[in-house]
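Read the structure below first, then the notes.
Where a number appears in this text, it was derived from the coordinates with a stated rule and is not lab data. Nothing here was measured: the structure is a model prediction, and the numbers come from that model. Heads up, the Cβs are rebuilt from the backbone with ideal geometry, glycines too, and the neighbour counts pull from every protein chain shown.
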Amino acid sequence: MNDGRPDWARRISAERAARDWSQLQAVRALRAHASSELPSDESMVRQWKRWESGSMPGEFYRPIIAATFGTVTHAIFPAPTRRDGNAEIIAVSGMETVDILNRLNHSDVDSATLDALRITTDRLCSEYAYLPSEQLLTEGRQWMRRLVDLHSRSLTLSQHREILTISGWLALLVGCVEYDAGNRRGAEATRRAALSLAGESGNSEVAGWAHEMRAWFALTTGDYRGVIAASRAGAEAASKHGVAVQLAAQEAKAWARLKDRRQTEFALEKGRRLLESMPHPENLDNHFVVDPAKFDYYAMDCYRLAGEDRIARTLAEEVLRVGTDFDGAELAPLRNAEARVTLGVAAAREGDLEQALIYGERALSADRQSVPSLLMTSRELAAVMKDRYRAEPAAQDYLSHLRDLGQGKPGLILP
C-alpha cells in the first residue's frame, strides 16, 4: 500500500519490523556498522523517525543503514536511471542491425563495426529477462555464427581478441538460455566453449561468468559442494569483477542448503562488501551485470532456507516491487517467480494454504521461465505441501503441476 512515503522509507520500516526491532534497537544495530562515533541514542532515534517518514538520509548514513539490514546502498536508495541499449547502438556507431550486417558482408572489420557488435551483444544480454527463450536463442546463435565467419578476415591482434571476447559473451548468453529450457548437455558444452574463448582472449570476466554458470548448474542439480568449488574457482579468476558478487551469492545458497548458517552469512557478507565497494553499473538490464537490487534476491533465497520467513517475505516483496513497473508489467519475470515462491513458502508455513497455492501457481505460470531454478525453489514449497497438506486435493494439484513442469528435464531435481 502506497502511504505517500518514498519506497526506500517504507523499505527501512519494513526491514525493521521484520526483525521485531524498536527504533531504538535499530539505532543500536546501526552503531555496529558505523566507522565512527554516532550521536546519542535519543538524537539518533529522532533521526531514524525522520528517515522512516521520508526524509532522505545523508550520504554518510545510507551505506550504514544498508549494512544494518544486510544489503547494499543502491538496493535501498535511489540509483541512476537505466539507459536505452537500442538507442546507444545507433548513437555510438551510427548503425542499425541491417547496417552492421552489410558491413560484415562487404568490408573489413573496423573499430565502428566492432563497437556496433559489442553493443549489439550487450543489447541481447539485456533482453535475457523477458525475450522469449526461442527467439533469444535463435538470435544469439546467429550472431555467434557471424562472428565465426569474421575469423577468415584480415584482423589485427587486438581485433582478434575483441571478436573472441564478444563471442565469449554470446556463448555465455546462449548457454544460459539453453539451460533455462532444460538442455543441460548443450548448455554445458556452450559454457565450456565460453571458458575456452575467455582463455584465448585473456578475458577474466568472461571466465568468471563461465565458472558462475557451472555453480548455477550444480546448485540446481543438488551438487552443493560442486557449487562451492566452482564459486571459489570463479572468484579466483575474476576477483575484481562484478561476477565475484554473484559467485559469493551462489556459494551462500549452497551453504544454506547444507544447513551451515555461519558459512551462509559469511558468504553473503563477502558478496555484500564486494558489491558496496564497486561503482554503480551503467546498464542494469544486462544479465551479466550484478545490480544492487539483485542482492536482495540472493539474500531472500538464503533467509527462506533458514526459516527466517518475515525477513524473506520482506525481501520478496521488495524484489517484486523493483521487478514490476507502474502498469504491472514484469520487468524481471525470473526473479519475480522465485519471489512468489518465497511468499508461498512463508504462507504455507503460517497455515495459509490458499495464499500459498496462489503464489505457487502464479510462479509456475510465468511466460518467461528458468525451469531449473524455478523447480529448485518450488521444491521447498512442495516439501511444505507434502508435510502439512498432503490430504488436500488443491495441494496435490499443485504437486502434479510441478511434476509436469519437470518432465523430460534430465538431471534436474524433481519434487
Fewest Cβ neighbours within 10 Å first, please rank LEU374, LEU30, LEU173 accordingly. LEU30, LEU374, LEU173
So, by mean Cβ neighbours within 10 angstrom, what's the order for 54-60, 275-281 with the highest one leading? 275-281, 54-60
Using alpha carbon centers only, region 1-73 is separated from region 223-270 by a whole-angstrom value of 28 Å
Loop-located GluC sites (Glu not before Pro) in region 284-371, at most 13 other Cβ atoms within 10 Å (DSSP): GLU350
Run the dipole for the chain about the Cα centre, Lys and Arg Cβ at +1, Asp and Glu Cβ at -1, nothing else charged, and hand back the magnitude in debye, nearest 20. 1160 debye
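By count of other Cβ within 10 Å, fewest leading, how are TRP48, TRP21 ordered? Each step should come with its number before you reach the end.
Numbers: TRP48 23, TRP21 15.
Sorted ascending by nearby Cβ count, the order is TRP21, TRP48.
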Loop-located trypsin sites (Lys or Arg not before Pro) in region 301-404, at most 15 other Cβ atoms within 10 Å (DSSP): ARG390
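So what's the back-of-envelope 222 nm ellipticity for the chain, counting only DSSP H runs of four-plus at -39500 (n - 2.57) apiece and dividing by all residues, rounded to 500? Before the final figure, lay out the partial values.
Details: 21 runs with 293 residues, N = 415.
Value at 222 nm, helices only: -23000 deg cm²/dmol.
In what sequence, highest mean first, do 290-303, 178-191 appear when ranked by Cβ atoms within 10 angstrom? Walk me through the numbers before you get to the answer.
Working: 290-303: 24.6, 178-191: 19.5.
The densest-packed peptide leads the list: 290-303, 178-191.
Just to be sure I understand the rule: take each whole DSSP H helix in the chain, project its Cα atoms onto its long axis, keep it if the span is 30 Å or more and its mean Kyte-Doolittle hydropathy is at least -1.0. Which ones pass? Before the final figure, lay out the partial values.
Details: long enough: 157-180 (35 Å, 0.57).
Passing helices, by number: 157-180.
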At a 10 Å Cβ-Cβ cut-off, how would you order HIS74, HIS401, fewest neighbours first? HIS401, HIS74
